[in-house]
Amino acid sequence: MDQGYGRFNIGVVIPTYNEYHNLINLLPTLKNLDLDNVFVVDDDSQDGTCDLISRFPDVKFVIRKNQRGLVSAEIEGMRHAENDFLVVMDADFSHDPSTIVNMVEYAIRSSADVVVGSRYVKHGNNGDRFSRKVISYVANKLVNLSFHPAVKDATSGFRVYSKKAYKFLSTEEKIKPGYTGQVDILERLITAGFKCSEYPISFTSRKTGRSKLKIRDLIDFFAFVTFRGNLLKYAIVGASGIIVNELVLYFLHGFHPVLADLVAIELSITTNFFLNDLWTFKNRKKQFGFAKRIALHNVFSMLPGAVNFIFYFSLYLKGFEYLDANLLGIAAAYVVRYILSSSIVWGEKKSKVKSAEGE
Ligand code: GDD
Ligand code: MN
């Protein structure tokens, strides 16, 4: 290796589906980088991709019949690799090949198991079309809220994995096969204790051809974030609070109707706290101690009522039907409350994921 990787051996995995016109330019570019292995995992494209096999004898093509999926193709590539570091990137020039060297060097320097090429750290940039920018931004905000807030670009498909990390992934079962798998992979690595860092990248719109992202992938993503992350658990805990509140009020109102309601409110806030602390956000490396968490939770529990009221009242004035206005108020209050809980009360220590942004 004469690219400054020292004694390290580098491989690249490129998942492809109908990328002939991009791949024919990308493969020579990668050849100039003098990497040790290039793997193309193709899902039986019908655009002539197979013709490239004979033109690029140094490239290892893995052709999958009857199987589709961006991330499952990446994992397939990992099963074939024996390199010290494995870079995974798109075929369509959205990921700049000249960044590979920097990302690998950063992986070595920071002894990270996964370096995520990130559009959302300082010096990173998302130069995609407007609609895709919005989708990616919202998707990442949802991930940050529902999973580990410390990774800023968890959906990025441009990454470097250490051998330990990609060997681990190649034996993991039931990783989501499509785009959602990018988040699934990161969750598994972080939960298993692998060291993760981010490196700024400049993402550009694809050179030619079309994105393979479908509405179906967005639904799959949304379901994953809701059900596997914290959002559903948080909603269940919220609903349990209503039951606690009603039950306490039912048993105590005979003693004193006003005091009973105050006790019911405080008890439901408290059970809500413990359920979130011990269940919803159990795996978070919390930034605050117990006393501060419970105090903040109590303070923030007052706020949703106000949000609900402001929404209700202003929508009502705008002519909304009062029950609709109230429902929207409740939804807005839920969102505000979740954001406060996830990012402050049970927020994570910032140091968990390092980034090269300061470099
Ligand atoms: N083998 C295989 N099978 N490859 C696939 C499949 C598949 O089913 N679907 C997509 N690919 C390949 C494409 O050919 C391309 O090389 C790469 O995976 C990325 O696919 P695109 O269709 O270009 O994805 P995108 O541009 O919409 O999304 C990119 O950016 C997202 C973040 O905004 C990807 O990098 C995503 O992983 C990333 O989440
Ligand atoms: Mn693309």
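Nothing in this text is a laboratory measurement; each read-out follows from the coordinates by a stated rule. In this text, all values refer to a predicted model and were calculated from it rather than measured experimentally. Note that each Cβ is placed from the backbone with ideal geometry, even for glycine, and that neighbours are counted across all protein chains shown.
Observations, loosely collected:
- Applying a length cut-off of 18 Å (Cα extent along the axis) and a mean Kyte-Doolittle floor of 0.5 to the DSSP H helices of the chain leaves 215-228, 231-252, 257-275, 290-317, 322-340.
- Cα gyration tensor shape for region 10-221, rounded if a/c is under 1.5, else prolate or oblate: rounded
- Put a dot 7 Å past the Cα of ALA306, heading toward its Cβ, do the same for ILE63, and the two dots end up 6.5 nm apart.
- Förster radius 56 Å - calculated FRET efficiency between THR29 and HIS253 (Cβ-Cβ, nearest 0.05): 0.15
- In region 1-104, the GluC sites (Glu not before Pro) that fall in loop regions by DSSP, at most 15 other Cβ within 10 Å: GLU82
- Out-of-range pairs (alpha-carbon distance over 26 Å; input LYS163/LYS207; LYS167/LYS207; LYS174/LYS282; LYS214/LYS318; LYS141/LYS174): LYS163/LYS207; LYS167/LYS207; LYS214/LYS318
- Amide hydrogen neighbours beyond the local backbone of TYR179, cut-off 5 Å, H modeled: LEU70, VAL71
- Chymotrypsin sites (Phe, Trp or Tyr not before Pro) within region 181-260: DSSP coil, no more than 10 neighbouring Cβ in 10 Å: PHE255
- Relative contact order of region 10-221, pairs being alpha-carbon contacts under 8 Å that are 6 or more residues apart, as %: 27
- Cα gyration tensor shape for region 231-350, rounded if a/c is under 1.5, else prolate or oblate: oblate
- Cα point-scatterer Debye curve for region 202-300, base-10 log of I(q)/I(0) at q = 0.16, 0.17, 0.18, 0.22 Å⁻¹: -0.81, -0.86, -0.91, -1.11
- Alpha-carbon centroids, region 122-176 and region 311-351: separation in whole Å: 27
- Rounded to the nearest 500, the 222 nm mean residue ellipticity of the chain from helices alone is -16000 deg cm²/dmol, with -39,500 (n - 2.57) taken per DSSP H run of at least 4 residues.
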